Structures are given as C-alpha cells and as structure tokens.
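What follows is calculated from the coordinates using simple rules that are stated; it is not laboratory data. All values reported here derive from a predicted model rather than from experimental measurement. Using ideal geometry, Cβ is built from the backbone for each residue, glycine included, and neighbour counts are taken over all protein chains shown.
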Amino acid sequence: ANGTFIVQPSKTKTFGGCMEIKANLTISFEQGFITFLFNKNVANNTVYVDGVSFSLNYPFTKTGTQRYIANNASLHVFAAKIGHSYSCREESIYMGSGLYLDVNKDRMQAFNITNNDFGYRKCS
C-alpha cells in the first residue's frame, strides 16, 4: 500500500516518563500511537532521540484496514543541547520495510524544562 496518514494534533493524547538519562513520549490517537525515546548524553551536553516506534491501523487499500508497525532503535535525531528544544519544519525518518515517519512543524524537549516552558530553539 502507498499512502499518507496525518496525525491531527487536536485528536491526540500524550503521556510519557522521565528517568535520569532516559525519557519517553507517546502520542496516541484513535488509529494508533507514536513513541519517541530520548537519551541524555551528559558528557556531550546533548539530548537526542535514539528510538522511534509506531503502530497505525488505517485503510490505505480497498481491502480495508491494515496494521502497520515499525520500530527504529538505531537513531540519533532531533539533537539539541541539554535545556534547549529542537524544532524544525520537516524531518523524515526511515522506519524500515518501506515505512517512513515524517515529522513536520515539531518542537520537542526532554530534560531541564524551566518554568514549564521550552528552552532555546535549535534546528540542525
């Protein structure tokens, strides 16, 4: 199947967790979820996403709804200094098996959030 599914921000729920050097963020919606795994490298003063997974139930073909599952645990994307946020217009992550996760108009930050607000914005 070939197609595009667009996550509607107003129809999502988020949850996650944070430990000393690892954090996760899951964005859930009616058709599935996307999970980002963050890693903090104190020696390099950076935070980055080192894993992404998703599950999507959607009818891209006339035969009905199918389940698409992908996991990429060998990434180093969305990097920013600790205490800063990452924000760019477009990123495309190859998830394997012909599946891509395109991230548009994002802003994310794990660790060192001050006054419940994002830190300085970075795009690499």
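Observations
- With a Cα cut-off of under 22 Å and a minimum spacing of 8 residues unless on different chains, the lysine pairs in the chain number 11.
- Read-out Rg/Rh (Cα atoms, Kirkwood Rh), derived from the coordinates shown; its label in (i) 0.99; (ii) 1.01; (iii) 0.96: (i)
- Distance between the modelled labels on Thr65 and Ile82, one decimal in nanometres: 4.3 nm (7 Å Cα→Cβ projection).
- Relative contact order for the chain: 17 percent, from Cα pairs under 8 Å spaced at least 6 residues apart, divided by residue count.
- As a rough guide to protection, the peptides 32-39, 62-69, 100-107 ranked by mean Cβ packing within 10 Å, highest first, stand as 32-39, 100-107, 62-69.
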